[in-house]
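Written out below as structure tokens is the structure these notes cover.
Please treat every number below as a calculation from the coordinates, not as lab data. Worth saying up front: this structure is predicted, and the values here are computed from it rather than measured. Reconstructed Cβ throughout: ideal geometry from the backbone, glycine too, with neighbour counts over all protein chains shown.
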């Protein structure tokens, strides 16, 4: 087994289609990395990876699910869970409502069950378009419930992480989620079940310090930013200069924190193979 080897708003969002008339051959997007122009149709067909430099653009949770799960197999769990405002943070409820309208999401994570290459799995996807996928009480609750559901149903968990860290609007309630989700991960692991994390850009803060790095197998997208605190904070604390790219997926893979870097077009097949081996 692999564990022994490594000790309804929308289901597919507008981003999987050209924003304008598909007949417009001149419509382009500009890659944020190489600054070159790419036909939007080609960009979408390439799963929002620049065909010129390989830069992976950030994608929505529902797009990620469409790329990963077998068509029509995904069933969302706990969609109706919504954040409250425990600290009475001014403007927080209005910000959440605006984001729900703009993104079609209820929160910064989508969880559910589906199949990847015919193999059943519990799937979670964090979405940086919603408050930078900051970890609030509902994000933690949905993830904890996902692991508990997977433990009951004897399912592996595949989790795509992305986060800017704790959600300041919820204070200590946000920080508590690190322990809560980690405990749920532990209970799932005690059942002898597989947990695969896919680190996407950016995965930082408390998410990195907890469940993102607790996977039995840790994959990452190319050039994803992965870390806890920022460069200046760390350098100011330890009084030393840090190497270039120390928070990149490539650096972490070289130093044993990531098992493998997987290009986005190969991610579904890679996950399918992992689940197939584990199911034997």
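Things worth noting here:
- Inter-part distance where region 201-243 and region 115-131 are each reduced to a Cα centre, Å: 21
- Computed E for residue 233/residue 57 - FRET, C-beta separation, R0 41 angstrom, nearest 0.05: 0.90
- Once the convex hull of all Cα atoms in region 120-188 is built, its volume per residue stands at 69 Å³.
- Fewest-first ranking of 70, 216, using other Cβ atoms within 10 Å as the exposure measure: 70, 216
- Relative contact order %, region 147-246, counting alpha carbon pairs below 8 Å whose residues are six or more apart: 29
- Applying D = kT/(6 pi eta Rh) to region 151-200, where Rh is the Kirkwood radius over alpha-carbon pairs, T corresponds to 4 °C and eta to 1.567 mPa s, the Stokes-Einstein value obtained is 105 µm²/s.
- As a proxy for reagent exposure, 146, 175 were ordered by neighbouring Cβ count within 10 angstrom, fewest first; the result is 175, 146.
- The fraction of Cα-Cα pairs per 10 angstrom bin, counted from 0 for the chain, comes to 6, 28, 36, 23, 6, 0 percent, rounded to whole percents.
- Within the chain, percent of DSSP bridges classed antiparallel, to nearest 5: 45
- Centre separation in Å (Cα based) which lies between region 259-280 and region 53-98: 23
- Rounded if a/c under 1.5, otherwise prolate or oblate - region 34-136, Cα gyration tensor axes: oblate
- Volume per residue of the convex hull around the Cα atoms, evaluated for region 155-280, comes out as 119 Å³.
- Likely footprinting exposure, 60, 182, fewest C-beta neighbours within 10 Å first: 182, 60
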